[in-house]
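*Asks:* Before anything else, here's the structure in question.
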Amino acid sequence: MVLTVAQVLSYSVSAAFVLLGLVAVVVWLRSRDARRGYLALALGMLGVAAVIGPLQTLTGYHEPWLTWVTLAAFQLSGFGLLMFRHTLIPLSRWALALAAVTLAGTAALVAYLGTAAPATTPSTEQSIAALLLIIAWSVCVAEPAFRLLRASFGRPVVQRRRLRALSVGYLGIILILLVSAIPQSGAVSSSVSVATSLVALFMVPVLYAGFSPPAWLRGVWRAREEEDFRDAVNDLLLYARTRAELAERALPWVVRLVGADFAFIIDGDGAILAVHGTTMEIAGEQAARLEGQGLLRRGPEVAASGALIFPMPLERGTGYLAAFAGPFTPIFGAEETSRLRLYAASLTAALDRAQISERLLALEDAKTRFLKIASHELRGPLTLVKGYLSMMEDGTIPAGAPPQIINIMLSKVDQMSSMLTQMLETSRMEDQRTDLREERFDLREAVAEVLEEVRPTTDVRHELEARIPDVPIEVVADKERVALILSNIVDNAIKYSPRGGRVAINVASSNGTAIVAVQDEGIGIAEEDMDQLFTRFGRIANDATSAVPGTGLGLYLARELARMHHGDVEAESELGAGSVFTLQLPLAGPA
Amino acid sequence: MKTVNIVVDWGVIRLPSGTQPRPGSSGQPAAESEPGTEQKGRGLRILMVEDDPALSMMYRVRLEAAGYTVALATDGEEGLRQITEGAGFDLVFLDVGLPGIDGLAVLESIRNSTQSETVPVVILSNYNEPPMRQRGLSLGALAYLVKSEITPSWLVARIPGWAKR
């Protein structure tokens, strides 16, 4: 038996497709995931369809059922690819059903016509049925091929090449089928057959590269992206003022490295540190969902519901990095996962390092604000003291000045002194140099002493009413610091009651806790400003407060100092109606 | 349980009438017009826009001692209202850090209003920042003074030079 070139090529194509189908099945058996399964079905069935015709020719064994098997295998190969596409980019149930019915219907038609009138030269009906079958198959295959091509844009290089290889491979097969389906005269026919066989042969390695690219090929593909990755890691080494800034700079790299749709970073305390590619709300929802499903506790990394999650053991607690797949960015390959794991590790280290620059920035900021307080807030009281003293000196105010003037000057000097104390205490606290000199004392005495020191700060009338129990309320604490807390709270009550009124101070004890509650009838604090109240320099700026001098440190210090004593300072307020500030300290045990 | 009541209130300061500073006793650098010419002050109306009541009271004590009639405004809006409602002030002392609209914005509005564009304004601020100073002067303030660097008597000595005649 002498074979023509066209025959040799045709057999080689069949053999190549069989081989491709076998490899696809082996790859699927190794991984056992559905996506590879559908691809194995598509390629395996293509192999089956490709091998039956030549086998029949070679063995001379012709049976109608073999034709049916061929038809079924061919149509299944088309449906397999459609299902593969469905796992990446979901199709509606209707579309899948329609495809299945059309594929089965056209195959049945061809089979029926073939059995009814077997002939060497196909009848017109048979030709039309065969054409319909090829068209149905081609549509089922072309749609995924184009969709994969479209999905490949913006993907990391390995995925991009794989998707494109699959796409090009299938489009090539469609081209071959359509060309073969057109009737040709003898001479042209054989050269066309040679050409299509050559194209088909070329498509086999292309498809192979699509579903299972060998390591060396991935290496070649990735070469340029490796540079990207190095750049991304280098970027982490660059100076970032804050952790949030660093995280925000890192996320675009994350999205690019794995071809994610969006990504976010959750800080050690559970707060969202940065978001890229979506809104804060959606990131929050996704974080809650991950939390709710317990995915975060399941292991070092979870690829579930389209998300890659990498825990980041940060100094301030374990946070995580999450990258999400989107409708056109459906798969995270092994390379992407391992690359992101490396990147998450570098990011963790970088975030911890950025904490240092964040701290330096905070110190710098504190210095600037201290200077501002010194240059502006202290000038107010200074102006007044200097003004009255100069007026006493030049005789504007006669000897034996009205006692109010002396009172005002003393209160302004107190104000300056308290601002300086607050600045010094804050600076000590910043450097963790606050050393408490604890002693046992009666909190009632401390309250009484603070009240004796209270001076008017404005010309309006305030009535202080202190309700003090008859039994001692003993605490073990730093007496000076407790006095500082109390005077800050009482001063605030007066300062922020510009229309005057009553300030009620209630001293009590309950359940092992000493309590001093200071209630005023002042301007109050808006609900939305409550969070800012106890922060460092957290002065609430509005028309009602802008005239009130202050450092923005008083309540911050009060709370921090109280917490150092295992107590707390809390606030309740209604805007326009007044506030209650409560100091709580643990009662001393029996002496 | 015992209840302690304390009242904090410094009331209004009134100096004995006819109080006058001793001439030349101020430790300030020599003024352009010597103190002692303060009798000119009689009849002139001065507006003090200052949000710190203790400070405005101090300045009022000194200005009234020099025979000026003093009106007070505690925020920018109030100050602007008094100026543009044609109260006919001979001089305005204007603070910069004010609740609501700040002093520089008040000054800009004064200059844009036909009733008040010629009112003499002197800025009294505790913000000693060059851009603020420049902005104030470019808006036509006669002077930009830092409160903690001057005394009330020094200020009074300069009023005749600033006030509208």
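*Asks:* On the basis of being touching a Phe, Trp or Tyr at 6+ places or on another chain (Cβ under 7 Å) and not in a helix (DSSP H, G or I), does A:Ile523 make the cut? Reasoning before the result, please.
*Replies:* Values: touching a Phe, Trp or Tyr at 6+ places or on another chain (Cβ under 7 Å): yes; not in a helix (DSSP H, G or I): yes.
The answer is yes for A:Ile523.
*Asks:* Scan the stretch A:459-489 for residues that are out of contact with any Lys or Arg (no Cβ under 8 Å at 6 or more places or on another chain), β-branched (Val, Ile, Thr) and crowded, with 18+ Cβ neighbours inside 10 Å and jot them down.
*Replies:* If the condition is that a residue be out of contact with any Lys or Arg (no Cβ under 8 Å at 6 or more places or on another chain), β-branched (Val, Ile, Thr) and crowded, with 18+ Cβ neighbours inside 10 Å, then A:Val482, A:Ile485, A:Ile489 are the ones that fit.
*Asks:* Considering only residues that are part of a helix (DSSP H, G or I) and more than 8 Å from chain A (Cβ to nearest Cβ), look in the stretch B:47-61 and name the one that is nearest to A:Arg499 (Cα to Cα).
*Replies:* So in the stretch B:47-61, the residues part of a helix (DSSP H, G or I) come out as B:53-61.
In the following step, the residues that additionally are more than 8 Å from chain A (Cβ to nearest Cβ) were identified as B:56, B:60.
Details: B:Ser56: 17, B:Arg60: 21 Å.
Selected residue: B:Ser56.
*Asks:* Being surrounded by 15 or more Cβ atoms within 10 Å (Cβ to Cβ) and of a type in the set (S, T, N, Q) is the filter here; which residues of the stretch A:429-457 pass it?
*Replies:* Listed by number, the residues that qualify are A:Thr434, A:Thr457.
*Asks:* Which one of these does B:Leu94 not meet: (1) within 14 Å of chain A (Cβ to nearest Cβ); (2) at pLDDT 90 or above; (3) crowded, with 21+ Cβ neighbours inside 10 Å?
*Replies:* (1)
*Asks:* Still on this structure: Residues B:Ser125, B:Ser109: which one is under 30 Å from A:Pro398 (Cα atoms), among the hydroxyl-bearing types (Ser, Thr, Tyr) and modelled with pLDDT of 90 or more?
*Replies:* B:Ser125
*Asks:* From A:Leu22, A:Leu41, grab the single residue that is aliphatic (A, V, I, L, M), out of contact with any Leu (no Cβ under 6 Å at 6 or more places or on another chain) and more than 21 Å from A:Trp137 (Cα to Cα).
*Replies:* On inspection, the qualifying residue turns out to be A:Leu22.
*Asks:* Additional query: Among the listed residues A:Gly53, A:Gly44, A:Gly80, which satisfies the condition of being of a type outside the set (Lys, Arg), in contact with a Gly (Cβ under 6 Å, 6 or more places away or on another chain) and closer than 24 Å to A:Ala130 by Cβ?
*Replies:* The conditions single out A:Gly44.
*Asks:* Any idea how many residues of the stretch A:371-389 are in a helix (DSSP H, G or I), buried (at least 17 other Cβ atoms within 10 Å of the Cβ) and either more than 8 Å from every other protein chain (Cβ to nearest Cβ) or under 49 Å from the mean Cα position of the chain (by Cα) (or both)?
*Replies:* Final tally of qualifying residues: 7.
*Asks:* Please verify whether A:Thr421 is surrounded by 17 or more Cβ atoms within 10 Å (Cβ to Cβ), assigned to a loop (DSSP other than H, G, I, E, B) and under 52 Å from the mean Cα position of the chain (by Cα), treating the condition exactly as stated.
*Replies:* Working: surrounded by 17 or more Cβ atoms within 10 Å (Cβ to Cβ): yes; assigned to a loop (DSSP other than H, G, I, E, B): no; under 52 Å from the mean Cα position of the chain (by Cα): yes.
The answer is no for A:Thr421.
*Asks:* Please verify whether the stretch B:138-151 includes one or more residues that are at pLDDT below 90 and either among the small types (Gly, Ala, Ser) or under 29 Å from A:Ala374 (Cα atoms) (or both).
*Replies:* No, because not a single residue in the stretch B:138-151 is at pLDDT below 90 and either among the small types (Gly, Ala, Ser) or under 29 Å from A:Ala374 (Cα atoms) (or both).
*Asks:* Identify all residues within the stretch A:563-578 that are buried (at least 20 other Cβ atoms within 10 Å of the Cβ) and in contact with a Leu (Cβ under 7 Å, 6 or more places away or on another chain); write none if there are none.
*Replies:* Of everything in the stretch A:563-578, those that are buried (at least 20 other Cβ atoms within 10 Å of the Cβ) and in contact with a Leu (Cβ under 7 Å, 6 or more places away or on another chain) turn out to be A:His565, A:Gly567, A:Val569.
*Asks:* Next question, about the same structure. If you go through the stretch A:508-530 one residue at a time, do you hit one that is under 18 Å from A:Gln415 (Cα atoms), within 13 Å of chain B (Cβ to nearest Cβ) and among the polar types (S, T, N, Q)?
*Replies:* no
Every residue, every condition in (1) among the aromatic types (Phe, Trp, Tyr); (2) touching a residue at least 40 places away in the same chain (Cβ under 8 Å); (3) in contact with a helix residue (DSSP H, G or I) (Cβ under 6 Å, 6 or more places away or on another chain), yes or no:
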| site | (1), (2), (3) |
| --- | --- |
| A:Tyr11 | yes, yes, yes |
| A:Ser14 | no, yes, yes |
| A:Leu20 | no, yes, yes |
| A:Val23 | no, yes, no |
| A:Arg35 | no, yes, yes |
| A:Leu71 | no, yes, yes |
| A:Leu82 | no, yes, yes |
| A:Arg93 | no, no, no |
| A:Leu103 | no, no, yes |
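*Asks:* Kindly check whether there is at least one residue in the stretch B:134-144 that is within 14 Å of chain A (Cβ to nearest Cβ), closer than 21 Å to A:Thr383 by Cβ and not in a loop (DSSP other than H, G, I, E, B).
*Replies:* Scanning the stretch B:134-144, I find no residue that is within 14 Å of chain A (Cβ to nearest Cβ), closer than 21 Å to A:Thr383 by Cβ and not in a loop (DSSP other than H, G, I, E, B), so the answer is no.
*Asks:* Follow-up question, since we're still on this one. Can you go through B:Val106, B:Val146 and tell me which one is of a type in the set (Val, Ile, Thr) and over 26 Å from A:Val385 (Cβ atoms)?
*Replies:* Checking each option against the conditions leaves just B:Val106.
The values are calculated or read from the model by the stated rules, or taken from the named source; none is laboratory data. In this text, all values refer to a predicted model and were calculated from it rather than measured experimentally. FYI the Cβ positions are ideal-geometry reconstructions off the backbone, even for glycines, and counts take in every protein chain you see.
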